[in-house]
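Read through the structure below, which is laid out as structure tokens, and then see the notes.
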Amino acid sequence: GENVEQHPSTLSVQEGDSAVIKCTYSDSASNYFPWYKQELGKGPQLIIDIRSNVGEKKDQRIAVTLNKTAKHFSLHITETQPEDSAVYFCAASTYYGNNRLAFGKGNQVVVIP
Amino acid sequence: SQTIHQWPATLVQPVGSPLSLECTVEGTSNPNLYWYRQAAGRGLQLLFYSVGIGQISSEVPQNLSASRPQDRQFILSSKKLLLSDSGFYLCAWSIAGELFFGEGSRLTVL
């Protein structure tokens with residue numbers, strides 16, 4: 001099955017700087033890659049996703065890039081703010097059908113004011 | 001729009017007691033439904049998923065069970081809780097691949 005690895009496990013950044021979280025996946029058939037943000041005591045929220053027919057997707061301060069050849073994808077947060085502090089999960093699956101998402105172990109991002 | 005409701009939000013139960021967590025989804029039909037657990041640390045462990053009424057697949061052997069009595073209702077149960085069942089339980093739903101989580105239920109077994 002799919003195996004997703006996420007690095008680094010913890011990331012501290014100064015407010016205003018950029019944060020980058022990288023994930024690798026093992027199954028070349030995977031074609032859907034979402035990112036989730038989980039604030040303390042809450043359920044994870046889908047913040048952005050990308051499908052294999054594009055290499056980059058942007059939504060305001062967040063962007064995701066995908067390299068299918070190398071089987072890795074990254075989340076980029078620019079101009080970080082204290083409210084960006086959270087745990088971020090990456091995941092991978094085949095988009096269609098009932099395949100389940102394979103999640104990374106999560107990354108704690110701390111934005112220092 | 002679709003919404004997912006999960007309750008109770010917090011639960012403290014003694015070892016050996018039963019458990020029932022309930023989840024309902026509104027605004028969609030025939031969703032795939034999931035129960036995840038998040039123990040100490042951050043990982044998301046898939047416990048059960050369902051593609052339709054009465055259809056339950058278990059991912060991990062344990063003393064928990066799941067049922068789907070109606071299209072948009074998913075229930076997580078246990079007859080006798082163990083200390084190791086403590087954790088943060090998340091219900092989720094999906095259609096066409098995108099997965100959406102509920103707010104979670106914090107279970108503490110004492």
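The values are calculated or read from the model by the stated rules, or taken from the named source; none is laboratory data. Only a predicted model underlies this, so the values are computations on that prediction, with no experimental measurement involved. FYI the Cβ positions are ideal-geometry reconstructions off the backbone, even for glycines, and counts take in every protein chain you see. All accessible areas refer to the heavy atoms of the entire protein, side chains included, with ligands and DNA or RNA removed. Shrake-Rupley method; radii C 1.70, N 1.55, O 1.52, S 1.80 Å.
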Subject >> Counted residues, region A:1-60 - those being farther than 16 Å from B:Phe100 by Cα and of a type in the set (A, V, I, L, M) >> reply: 9
Original post:
Restricted to region B:89-108, and to residues that are more than 8 Å from chain A (Cβ to nearest Cβ) and open to solvent by 10 Å² or more (accessible area, probe 1.4 Å), which residue is farthest from the chain's Cα centre (by Cα)?
Top reply: B:Ile95
Original post:
Among all residue pairs at least 6 apart or on different chains, which show Cβ distances below 7 Å where the first residue, located in region B:1-24, is under 15 Å from B:Gln73 (Cβ atoms) and the second is exposed (fewer than 12 other Cβ atoms within 10 Å of the Cβ)?
Top reply: B:Gln2/B:Glu26; B:Gln2/B:Gly27; B:Thr3/B:Glu26; B:Thr3/B:Gly27
Original post:
Within region B:33-55, restricting attention to residues that are within 8 Å of another protein chain (Cβ to nearest Cβ) and under 11 Å from the mean Cα position of the chain (by Cα), which residue is modelled with the highest pLDDT?
Top reply: B:Tyr34
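Here's the yes/no breakdown for (1) open to solvent by 40 Å² or more (accessible area, probe 1.4 Å); (2) β-branched (Val, Ile, Thr):
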{"position": "A:Tyr36", "(1), (2)": "no, no"}
{"position": "A:Lys42", "(1), (2)": "yes, no"}
{"position": "A:Ile62", "(1), (2)": "no, yes"}
{"position": "A:Leu66", "(1), (2)": "no, no"}
{"position": "A:Thr78", "(1), (2)": "yes, yes"}
{"position": "A:Gln81", "(1), (2)": "yes, no"}
{"position": "A:Asn107", "(1), (2)": "no, no"}
**OP:** Take the residues in region B:40-55 that are under 24 Å from B:Thr3 (Cβ atoms) and assigned to a loop (DSSP other than H, G, I, E, B), then tell me which one is least open to solvent (accessible area, probe 1.4 Å).
**Re:** B:Leu44
Original post:
Of these, B:Val25, B:Val12, which one is assigned to a strand (DSSP E or B), more than 14 Å from the chain's Cα centre (by Cα) and modelled with pLDDT of 95 or more?
Top reply: B:Val12
**OP:** Test A:Gly1 against the criterion of being free of Cβ contacts under 8 Å to residues at least 24 places away in the same chain and in a loop (DSSP other than H, G, I, E, B), and give yes or no.
**Re:** no
**OP:** Those residues that are farther than 16 Å from A:Ile77 by Cβ and away from every other protein chain (no Cβ under 14 Å), I need them from region A:19-42; list them, please.
**Re:** A:Thr24, A:Tyr25, A:Ser26, A:Asp27, A:Ser28
**OP:** Please state which one of A:Thr80, A:Thr94 is farther than 25 Å from B:Ala39 by Cα, within 11 Å of chain B (Cβ to nearest Cβ) and of a type in the set (Ser, Thr, Tyr).
**Re:** A:Thr94
